[in-house]
Amino acid sequence: MPAEYRTWGAPPGIEIVDTLMRHLSTDYYAGWLTAAALHGAAHQAPQVFQVATSRDVRDRVVGRTRFRHRTRSHVTRVATLNWPTRSGTARVSTVETTLLDLATDVDAAGGLDNAATVLVELSENDAFHTDALVEMLGLFPAAAFRRLGWILENFGGAELDELAARVVPLTRTPSRLDPGRPQTGPLDDRWNIRLNADVEPDL
């Protein structure tokens, strides 16, 4: 163990996640706010190390890292990259996968306002390509694409005509801007999304 981490009891999560997941024999990637922070877009430092896994894995604490796992059925199909570490690499969601994960699981981002803040920051990353979002249609809920598109157009200045044209017809039922609140409020026809909450990103 590197000397600077001896008082921690273990290296940081990004340094050990690959070894841990191989020990548990599960496919994985580091995602949500953890990936956003690695991509330089986390508005607030994440309090836990968030990992997508191909099966149920018990949350655990290793040294100073609190691992929190969420099961994803498409762990091996969504876009990821090999993030360099001291001992090799770790699987980390791409900017586009991170955007869709956060748009799907708003609670994992600390609520809608914080999610919107991080989504806009991520969209400013030079590695972000809207075409890569379209390529992942079918791997995430329609609501995630609609929520993401609405936020990026209204707060990030993005123009996502192709994405809107592809995701609006997926289901006739409107999606909810805030998945934790009732299906009330005005309807945004462009994204077929019910504006059931006010959004105030910290930009």
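Bear in mind these aren't lab numbers, they're just calculated from the coordinates by the rules spelled out. Quantities reported herein were computed from a predicted structural model and do not represent experimental measurements. So basically every Cβ, Gly included, is an ideal-geometry build from the backbone, and we count neighbours across all protein chains shown.
Distance between the 7 Å Cα→Cβ label points at ASP107 and ARG55: 2.4 nm.
Can you give the net charge of the other residues whose Cβ lies under 12 Å from the Cβ of MET136, counting K and R as +1 and D and E as -1? Working shown, then result.
On the way: positive: ARG77, ARG166; negative: GLU96, ASP101, ASP131, GLU135.
So the environment of MET136 carries a net charge of -2.
What order, most packed first, do the peptides 140-146, 187-193 have when packing is the mean number of other Cβ atoms within 10 Å of each residue?
Details: 140-146: 22.7, 187-193: 18.3.
Answer by packing, highest mean first, reads 140-146, 187-193.
Each of PRO174, GLY13, ASN154 was scored by the projection of its Cα onto the charge dipole of the stretch 3-194, and the greatest displacement toward the positive side belongs to GLY13; charges sit on the C-beta of Lys, Arg, Asp and Glu.
Segment HIS23..THR76, full-extension length gain: 17.3 nm, with 0.36 nm per residue of separation and the alpha-carbon distance subtracted.
So for the stretch 108-188, what are the equivalent ellipsoid semi-axes in whole Å, largest first, each being the square root of 5 times an eigenvalue of the Cα gyration tensor? Don't jump to the answer; show the numbers that get you there.
Working: eigenvalues 73, 57, 26 Å².
Largest first, the stretch 108-188 gives 19, 17, 11 Å.
Taking only the alpha carbons of the stretch 65-161, we obtain Rg and Dmax values of 13.6, 42 Å in that order. Distance from the Cα centroid of the stretch 55-92 to that of the stretch 118-158 is 22 Å (rounded to whole angstrom). A Stokes-Einstein calculation at 37 °C with viscosity 0.692 mPa s, built on the Kirkwood radius of the stretch 3-194 over Cα pairs, returns a diffusion coefficient of 191 µm²/s.
Helix 112-123 axis versus longest C-alpha principal axis of the chain: approximately 80°, rounded to the nearest ten. Using a Gaussian network model of the chain in which every pair of alpha carbons under 10 angstrom is joined by a spring, one finds that among GLY149, GLY63, GLY111 the greatest mean-square fluctuation is at GLY63.
For the chain, the mean residue ellipticity at 222 nm estimated from helices alone is -9500 deg cm²/dmol, where every DSSP H run of n ≥ 4 contributes -39500 (n - 2.57) and the total is divided by all residues, rounded to the nearest 500. Backbone phi angles across the stretch 94-99, fed through the Karplus curve with coefficients 6.51, -1.76 and 1.60 (θ = phi - 60°), yield HN-Hα couplings of 5, 4, 5, 5, 4, 4 Hz in residue order; Gly and Pro are listed as x. When only the Cβ of Lys, Arg, Asp and Glu is charged (+1, +1, -1, -1), the dipole of the chain relative to its Cα centre reaches about 1080 debye.
Using alpha carbons only, the radius of gyration of the stretch 20-114 set against its Kirkwood radius gives Rg/Rh = 0.93.
Placing unit charges on each Cβ (+1 for Lys and Arg, -1 for Asp and Glu) gives the chain a dipole about its Cα centre, and among ALA45, ALA90, ALA197 the Cα reaching farthest toward its positive end belongs to ALA90.
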